[in-house]
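Step one of this worksheet: look at the structure below.
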Amino acid sequence: MIYPSIDKLLNIVDSKYELVHIAARRSKQISKDGYLQMPEAEYKSKKNIGRALEEVAEGLITVKRGDVH
């Protein structure tokens, strides 16, 4: 079973493509600076991409919507 579930994540983020973009950016941030938003023991995933998805599921990452021109 995959955690967090894609259904839960898509209730937070509008599309799969946006979710991938957000998770990839956050994963790169974690790799670069090592900063985690939760204590390391609370993450179920050991990989940064999974941790980024967990942060999205927990509401720790907010998506700012801007006007596209």
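List of remarks:
- Hits in the range 14-37 (condition: among the charged types (D, E, K, R) and within 8 Å of the chain's Cα centre (by Cα)): 26
- Among residues of the range 38-62 being among the polar types (S, T, N, Q) and surrounded by 10 or more Cβ atoms within 10 Å (Cβ to Cβ), the one that is farthest from the chain's Cα centre (by Cα) is 45.
- Subset of the range 16-35 (residues that are crowded, with 16+ Cβ neighbours inside 10 Å, without any contact (Cβ under 8 Å) to a residue 40 or more places away in the chain and not small (Gly, Ala, Ser)): 19, 26, 30
- Residues of the range 1-15 that turn out to be in a helix (DSSP H, G or I), touching a residue at least 40 places away in the same chain (Cβ under 8 Å) and not aliphatic (A, V, I, L, M), as a count: 1
- Candidates 56, 13, filtered to the one that is out of contact with any Phe, Trp or Tyr (no Cβ under 9 Å at 6 or more places or on another chain) and under 15 Å from residue 3 (Cβ atoms): 56
- Residue match in the range 25-36 (condition: farther than 18 Å from residue 63 by Cα and among the charged types (D, E, K, R)): yes
- Residue under evaluation residue 31, criteria (1) modelled with pLDDT of 95 or more; (2) assigned to a loop (DSSP other than H, G, I, E, B), criterion not met: (2)
The values are calculated or read from the model by the stated rules, or taken from the named source; none is laboratory data. Predicted, not measured: the structure shown is a model, and the values here were computed from it. Methodologically, a virtual Cβ is constructed for each residue, glycine included, from the backbone with ideal geometry; neighbour enumeration extends over all protein chains shown.
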